[in-house]
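To start, the structure under review is shown below, and the notes come after it.
Rule-based calculations on the coordinates, nothing more; no lab input. Since we're looking at a predicted model, the values are computed, not measured. Glycine gets a Cβ as well: all are built from the backbone with ideal geometry, and neighbour counts include every protein chain shown.
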Amino acid sequence: HLGVVLYGFALSTAGLRPADDSHPPSETQWRELGDVLRWFEGSLPWLIGAWVAYGEAHFGERASQAVDATGWKLATIKQCVWVHERVPESRREPALSWSHHREIADLAPAAQCSWLRKAKDQDLSVDALRRAINHSKHPDAVDCWLLVRCVNEADRETLAAKLEAEGRSVKRP
């Protein structure tokens with residue numbers, strides 16, 4: 001397993017454990033590791049986008065091979081890179097999720113700043129931000145809800161993923 005040691009813990013793809021059983025991590029180290037894990041959770045799409053963009057710029061075809069070896073879905077990688085390239089660091093709002101930034105990525109720079117500020121100031125969820133942007137683009141549009149019964153959980157998740165990829169709002173039971 002690939003691994004790294006942080007704050008006295010050995011982290012691997014299988015989990016984490018104290019790096020040295022004779023010197024177990026302190027509560028402070030445990031808390032600090034939690035802070036780092038939380039940071040990584042929200043930062044991962046940005047890091048993936050930056051990693052792939054850097055690799056493509058510096059290593060060409062070899063980067064594509066390395067990206068393929070990660071096992072990440074191509075659609076996920078493309079979306080991470082697209083948002084990374086469309087929303088530069090200087091325009092990002094750290095208080096908002098990557099998903100908020102994905103919602104504004106296809107807008108002009110000034111509009112991106114405006115919507116991010118509004119989302120932060122009004123504490124908008126990603127779904128509320130999406131609806132507000134759509135309403136601003138199509139003020140006369142009417143919301144329409146469609147109830148769909150799926151045969152099984154797998155079909156429901158497949159349909160939900162397709163609808164979300166199209167930028168549509170999905171409510172799960």
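Stokes-Einstein diffusion coefficient for segment 131-170 at 37 °C in a medium of 0.692 mPa s, Rh from the Kirkwood formula over Cα pairs: what value in µm²/s? Mind showing how you got there, number by number?
Working: Rh = 11.7 Å.
After rounding, the answer is 281 µm²/s.
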Mean shadow area of the chain, taken as a quarter of the surface of its Cα convex hull (nm²): 14.5
Estimated distance in nm for a label pair at ARG149 and ARG38, the labels positioned 7 Å out from Cα along Cα-to-Cβ: 4.3
Extension gain from GLN122 to THR28, taking 0.36 nm per residue of separation minus the Cα-Cα distance: 30.4 nm
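Over the chain, calculate the relative contact order: mean separation of alpha carbon pairs under 8 Å at least 6 apart, over the residue count, as a percent. Walk me through the intermediate numbers first.
On the way: 114 pairs, mean separation 19.3, N = 173.
RCO, the chain: 11 percent.
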14 Å beta-carbon shell around PHE9, net charge (K/R +1, D/E -1): -3
Per-q log10 I(q)/I(0), segment 35-76, q = 0.18, 0.33 Å⁻¹ (Debye; single scatterer per alpha-carbon; no solvent): -0.56, -1.11
Segment 71-173 pair-distance distribution - Cα-Cα, 5 Å bins, rounded %: 2, 11, 20, 20, 19, 15, 9, 4, 1, 0
Whole-angstrom Cα spans of segment 2-103 along principal axes, big to small: 46, 33, 21
Coordinate range along principal axes, alpha carbons of segment 1-47, Å, largest first: 37, 26, 11
